[in-house]
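Colleague: Quick one: this structure, given as structure tokens, is what I'll be asking you about.
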Amino acid sequence: MPAVPPAGYRREAFASLPSTNTTAFARAHAGAASGLWVTAAEQTAGRGRRGRTWHGGTGNLAASLLLIDPAPPAIVATVSFAAGVALHQAAIDLTGPAAVERLRLKWPNDLLLDRLKVAGIAVEGDKLAAGNFAVVIGIGVNCRSHPDGGTIHPASDFAARGLPLEAEDLFERLAARMAEELTRWDHGGNFAATRQAWLARSLGVGEPIRVNLADRTIDGRFDTLDEAGRLVVTRRDGGRELISAGDVFFGGTHEHA
């Protein structure tokens, strides 16, 4: 039987969908209220960050949460960090505290296991006819399978790394943890607490980093997140960069995330 989300949330569970995000937006345009989870056991045309394809697979979790006017537009994107903390904690709930150091968050929206990507978060927004703003948090987790090549960062899945978990079990914990983290985030008004929780779970603070932007590449050191969730990098020449979007690589070869 499909897991039920906590009080104040609803769920529509599907065997297969092209995209849980697309379905969630369709529900929003049809008048659905905030707090709707859309999940699919199989996703055939998922979307990742910056319009990239998210490769679904058998036994994995594809889930999207619809929120209506969750925060002022200027700060609503910081909800992705609340989602990252919730996902990390949900995974720890199931894999145990011994996995804490193996599971890390990578800016801006990935969950890594042993420095390999096992999950991604994509936050999208759309204005509704009534003037409201719909935000969908899409989460894809490689529970039992992962793409073999064709991704910008090396990927894996929980089962392949010796931490098998079931998609339904993960959804149940994720839905509960997301409710908690959205309460902490407080419509963006308490992002400072969310930021600290995210940094405590993050990969690479103080490490050498390369960030590929649309027009250039930055090499330096990952210092922190700023109060808006931007990546703060100290360049090799000592200057500082505040980065809102980019592809991040750690390590001397910059081939592995």
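The values are calculated or read from the model by the stated rules, or taken from the named source; none is laboratory data. Note that this is a predicted model, so its numbers are computed, not measured. Cβ sites come from the backbone with ideal geometry, for glycine too, and all protein chains shown count toward neighbours.
Colleague: Filter region 161-201 down to residues that are assigned to a helix (DSSP H, G or I) and either in contact with a Phe, Trp or Tyr (Cβ under 6 Å, 6 or more places away or on another chain) or touching a residue at least 12 places away in the same chain (Cβ under 8 Å) (or both), then give me how many there are.
Modeller: Residues of region 161-201 that are assigned to a helix (DSSP H, G or I), as a first pass: 167-185, 191-200.
Those still in the list that are either in contact with a Phe, Trp or Tyr (Cβ under 6 Å, 6 or more places away or on another chain) or touching a residue at least 12 places away in the same chain (Cβ under 8 Å) (or both) too: 167-182, 184-185, 191-192, 194-195, 197-199.
Total satisfying the criteria: 25.
Colleague: Shifting gears a bit: Any residue in region 164-183 that is at pLDDT below 95 and surrounded by fewer than 16 Cβ atoms within 10 Å (Cβ to Cβ)?
Modeller: Checked against the condition, which is being at pLDDT below 95 and surrounded by fewer than 16 Cβ atoms within 10 Å (Cβ to Cβ), region 164-183 yields at least one hit.
Colleague: Also: Go through region 107-137 and report how many residues are assigned to a strand (DSSP E or B) and touching a helix residue (DSSP H, G or I) at 6+ places or on another chain (Cβ under 9 Å).
Modeller: Result for region 107-137: 17.
Colleague: For the list (1) crowded, with 21+ Cβ neighbours inside 10 Å; (2) closer than 30 Å to A3 by Cβ, I need the number of the one condition that F222 fails.
Modeller: Going through the list (1) crowded, with 21+ Cβ neighbours inside 10 Å; (2) closer than 30 Å to A3 by Cβ, F222 breaks only (2).
Colleague: Now, a different point. Cβ-Cβ below 7 Å, separation at least six or inter-chain, first residue in region 21-38 and assigned by TED's automatic domain parsing to the domain that holds F133, second part of a loop (DSSP other than H, G, I, E, B) and not polar (S, T, N, Q): which pairs?
Modeller: A28/L128; H29/L128; G35/G8; G35/Y9; W37/P5; W37/Y9
Colleague: Let me ask you something else. For the structure I just gave you, tell me whether A77 is farther than 28 Å from P2 by Cβ and either modelled with pLDDT of 95 or more or outside any loop (DSSP other than H, G, I, E, B) (or both).
Modeller: Yes: the conditions hold for A77.
Colleague: Looking at G229, G206, which is the one that is within 30 Å of M178 (Cα to Cα), assigned to a loop (DSSP other than H, G, I, E, B) and at pLDDT 95 or above?
Modeller: Checking each option against the conditions leaves just G229.
Colleague: Moving on. For region 81-97, name all the residues that are in contact (Cβ under 8 Å) with a residue 40 or more places away in the chain, farther than 21 Å from D226 by Cβ and of a type outside the set (D, E).
Modeller: A86, L87, Q89, A90, A91, L94, T95
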